[in-house]
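Values quoted throughout were computed directly from the atomic coordinates according to the rules given, and no laboratory measurement underlies them. Not measured: the values here are computed from a predicted model. Cβ placement follows ideal geometry from the backbone for every residue including glycine, while neighbour counts extend to all protein chains displayed.
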Amino acid sequence: MLPPRCHVCHLEPARPPLGDTRNDFVPVYFADAVNPPPGWVGHPPGAVWFCGEHAPLGSEREHLGSDSALRDIDTALGRLPRRLPKADR
């Protein structure tokens, strides 16, 4: 699995801003998430990391496929939707 990096704010555990308390990270598994077979190595398709503050944005959209959910989150935040590399989904 890829190391935690929030889809919304790009926060990483190794680089929290001074005094930042968003140190809990949650993988959200969207509707198109794949349960990898035993022994599989890599990041599961359809799983995306969020910091604790932004996890509700993902959790509220778990019923959507990852592309739709991430576009919806970007739109809700007022930013242009972007296509993620496959490794980030």
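Annotations
- Cα-projected label distance for Leu80 with Glu60, points at 7 Å along beta-carbon direction, nm: 2.5 nm
- 3J(HN,Hα) along the stretch 35-48, derived from phi through the Karplus expression 6.51 cos²θ - 1.76 cosθ + 1.60 where θ = phi - 60°, amounts to 7, x, x, x, x, 5, 10, x, 8, x, x, x, 9, 9 Hz, with x in place of Gly and Pro.
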